[in-house]
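Only one structure is covered here, and it is reproduced in the block below.
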Amino acid sequence: MNTTQFTALFVSALLTNAIVKLWLAWRQLDHVAAHRAEVPVAFRDKIDLAAHQKAADYTRAQVLFGIVAVLFDTVLLLVLTIGGGIQWFSEWIPALSDNVLLQGAAVIVAVLMLQSLLEMPFDLYRTFSIEARFGFNKMTLKLYLSDAAKSLLLGAALGLPLLFGVLWLMERMGELWWLYVWGVWVVFNLLILFIYPTFIAPLFNKFEPMRDETQKTRIEALLARCGFAASGLFVMDGSKRSTHGNAYFTGFGKTKRIVFFDTLLQRLTPDEIDAVLAHELGHFKHRHVLKRIALTFIVSLGFLWLLAQLLHADWFYGGLGVSSQSTAVALLLFVMVLPVFTFLLHPLASAYSRKHEFEADAYAARHTDANDLSSALVKLYQDNAKTLTPDPVYATFYESHPPAPIRIAHLQRKGESK
């Protein structure tokens, strides 16, 4: 392949992605609008028309905002690649230092920081306009800036040593550098999984042991029936940022813990809380997290091998508007353009995730009442303004959970078969 051919391939793939994303957005907008005036039959005794229309309007606002983001991201990527943005950074930054590793890391950090700064107005608009307009945002500007500063410092503390290590291995470990990098990447991710619950998450939220002894006793009985051991039950102050609710378990081994958003506990009945927790335990029992981690590691190994094949390919750099070849530039280009060539695989990833959700629902239905999980989900759909009428094609691409009508019908069948 030559430079011109790869440029044409990249631009074609990027424009195809943008067109497909805009087409999917149009379908979602049209489908949600067409069903806005009437609550689906299966939900008419649970969700009123006002809540249904709020969900439709919230969905449309998010999709319209997403259209702007797609156009912006497409233009930004073109500017940074064939527009000469990365080439400019790779020429300007080396003048500041003679250290090759420092030069490479500086180029990567500078480009990523520029992206973050340019994308920040979008995040601010999403948080303080869309989320606030529909009554979800509870975050102040001070808290937003505090979170941003903490994220930046945390990213530097964890990410910079990893980046220097990866670049050093790429420079020093010969043709099999990608195996060494993969090993470091695996260890780093496992370390993050271990330290996240006790060291990282508390930097952003307050976690308190569950104090409701009655609910705690119920949950511990459910955990015993399911054979699940955790280091504790915690309530997270999610309400200081948003009214959205959730529950999850996190960590491994002795750091494993179960976390409930305070907003979730305020909204659901004890039976519904048990059912939601049973669903999360279903993910654990079916080893969904471990399977996804293993799949991620396998895929990352393949991608690193691919990067190794591109590392010395002139057409790879030239086709993306860069003449300054280096391991750092190759890594940066690869990370930035890889999503362009993998976007059409989204339906496979979404289908895999939805399969896990059905399995977790089935597990919850065996250990709690399926009707409790169904009613809990309906409340969460309503509280989170989740549309009950997504476009099927849009959902196939993007939805990691089964669409509401399909999921509730599936649970109802589970409940009837008990």
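Values computed for the structure shown
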quantity: Selection count where residues are within 21 Å of Val70 (Cβ to Cβ) and of a type in the set (S, T, N, Q), scope the stretch 19-59; calculated: 2
quantity: Odd one out for Leu124 among (1) assigned to a loop (DSSP other than H, G, I, E, B); (2) among the hydrophobic types (A, V, I, L, M, F, W, C); (3) surrounded by fewer than 15 Cβ atoms within 10 Å (Cβ to Cβ); calculated: (1)
quantity: Residue list for the stretch 310-321, restricted to those being touching a residue at least 60 places away in the same chain (Cβ under 8 Å), closer than 16 Å to Trp88 by Cα and under 30 Å from the mean Cα position of the chain (by Cα); calculated: Gly319, Leu320, Gly321
quantity: Count of the stretch 1-33 residues which are farther than 29 Å from Leu310 by Cβ and either charged (D, E, K, R) or in contact with a helix residue (DSSP H, G or I) (Cβ under 6 Å, 6 or more places away or on another chain) (or both); calculated: 7
quantity: Subset tally (residues that are at pLDDT below 80 and surrounded by 16 or more Cβ atoms within 10 Å (Cβ to Cβ)) for the stretch 198-227; calculated: 1
quantity: Candidates Ala69, Ala42, Ala51, Ala56, filtered to the one that is out of contact with any His (no Cβ under 6 Å at 6 or more places or on another chain), touching a residue at least 12 places away in the same chain (Cβ under 8 Å), buried (at least 19 other Cβ atoms within 10 Å of the Cβ) and not aromatic (Phe, Trp, Tyr); calculated: Ala56
quantity: Selection from the stretch 289-304 of residues that are modelled with pLDDT of 90 or more and surrounded by 14 or more Cβ atoms within 10 Å (Cβ to Cβ); calculated: Arg292, Ile293, Phe297, Ser300, Leu301, Phe303, Leu304
quantity: Within the stretch 358-371, considering residues that are surrounded by 20 or more Cβ atoms within 10 Å (Cβ to Cβ) and under 26 Å from Tyr58 (Cβ atoms), the one nearest to the chain's Cα centre (by Cα); calculated: Ala360
quantity: In the stretch 128-140, residue nearest to Asp57 (Cα to Cα) [restricted to those that are out of contact with any strand residue (DSSP E or B) (no Cβ under 8 Å at 6 or more places or on another chain) and modelled with pLDDT under 90]; calculated: Gly135
quantity: Matching option when the condition is closer than 15 Å to Arg218 by Cα, among the polar types (S, T, N, Q), surrounded by fewer than 18 Cβ atoms within 10 Å (Cβ to Cβ) and modelled with pLDDT under 90, among Thr269, Thr255; calculated: Thr269
quantity: Out of Thr4, Thr16, sole residue that is part of a helix (DSSP H, G or I) and more than 15 Å from Val70 (Cα to Cα); calculated: Thr4
quantity: Cross-chain or 6+ apart pairs with Cβ under 8 Å, the stretch 154-170 first and more than 22 Å from Phe204 (Cα to Cα) and in contact (Cβ under 8 Å) with a residue 40 or more places away in the chain, then among the β-branched types (Val, Ile, Thr) and buried (at least 16 other Cβ atoms within 10 Å of the Cβ); calculated: Leu163/Ile108; Leu163/Val109; Val166/Val181; Leu167/Thr327; Met170/Val181; Met170/Thr327
quantity: Residue tally, condition surrounded by fewer than 20 Cβ atoms within 10 Å (Cβ to Cβ) and at pLDDT below 70, over the stretch 238-252; calculated: 2
quantity: Candidate set from the stretch 228-237 (those that are modelled with pLDDT of 75 or more and in contact with a helix residue (DSSP H, G or I) (Cβ under 8 Å, 6 or more places away or on another chain)); member that is surrounded by the most Cβ atoms within 10 Å (Cβ to Cβ); calculated: Met236
quantity: Filter result (closer than 23 Å to Thr263 by Cβ, hydrophobic (A, V, I, L, M, F, W, C) and not in a helix (DSSP H, G or I)) within the stretch 168-221; calculated: Phe204, Phe207, Met210
quantity: Residue list for the stretch 79-102, restricted to those being touching a residue at least 60 places away in the same chain (Cβ under 8 Å) and crowded, with 20+ Cβ neighbours inside 10 Å; calculated: Leu80, Thr81, Ile86, Ser90
quantity: Count - residues of the stretch 8-30 that are closer than 16 Å to Pro339 by Cα, crowded, with 16+ Cβ neighbours inside 10 Å and not basic (Lys, Arg); calculated: 5
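The values are calculated or read from the model by the stated rules, or taken from the named source; none is laboratory data. Being a predicted model, the structure only gives us computed values, none of them experimental. So basically every Cβ, Gly included, is an ideal-geometry build from the backbone, and we count neighbours across all protein chains shown.
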